[in-house]
Amino acid sequence: MAWDEWEQLKADALARQQDQMRLDSTAGTGGGDTGGAPDLRTNKTGKKAAVKALREDIRPGADKAGNHAEESSSAAVREFSGWDTGSGLKDAHEEWELQVKNLKGRLEADQTALEQTHQDFQYVDYGIRSQVAQIDAGPDPRREL
């Protein structure tokens, strides 16, 4: 293989690699945009709507439903105290309280994760861009003549 052929193969491989290595945040900025669709997308508007729904509707609704069931169950446990039914209702009520507590924790975690997602994607893009910028391709052998 001649030296010129080797240089051409390296240049072709580098061009293919650069076409594949494009951060989504660079699309449309002229900074290496290959014109293709981004691989990873995030829907900022959808996340905001989901966070709003969790904060204003779903979490308060879960609290309200949990409290309503707690009041009704407590009244039934009192009415059936001393009976096997009362004991069973008490066990079911304790399990219900645990499930409501777990659901509320999960909804809170989901809301927090959605609020943090945009920032996380942005930091990952910046971190990868920084790492790629630090790559040293080494000396150009054509200049060492």
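A few notes on this one:
- Of the listed requirements (1) open to solvent by 50 Å² or more (accessible area, probe 1.4 Å); (2) at pLDDT 85 or above; (3) within 20 Å of the chain's Cα centre (by Cα), Y126 misses just one: (2).
- Single unsatisfied condition, Q116 versus (1) at pLDDT below 85; (2) farther than 30 Å from R142 by Cβ; (3) open to solvent by 60 Å² or more (accessible area, probe 1.4 Å): (1)
- Filter result (aromatic (F, W, Y) and open to solvent by 90 Å² or more (accessible area, probe 1.4 Å)) within region 77-107: W83, W96
- Residue in region 49-65 that is among the β-branched types (V, I, T) and more than 29 Å from Q116 (Cα to Cα) present: no
- Selection within region 69-86: residues that are polar (S, T, N, Q) and without any contact (Cβ under 8 Å) to a residue 12 or more places away in the chain. The member of this set that is nearest to V100 (Cα to Cα) is S72.
- Here D120, D57 are screened, and the one residue that is free of Cβ contacts under 8 Å to residues at least 12 places away in the same chain, under 30 Å from L14 (Cα atoms) and assigned to a helix (DSSP H, G or I) is D120.
The values are calculated or read from the model by the stated rules, or taken from the named source; none is laboratory data. What you see is a predicted model; the values in this text were computed from it and never measured. Please note: Cβ atoms are built from the backbone with ideal geometry, for glycine as well, and neighbour counts cover all protein chains shown. For the accessible areas, the whole protein counts, side chains as well, though only heavy atoms, and no ligand, DNA or RNA atoms are used. Shrake-Rupley method; radii C 1.70, N 1.55, O 1.52, S 1.80 Å.
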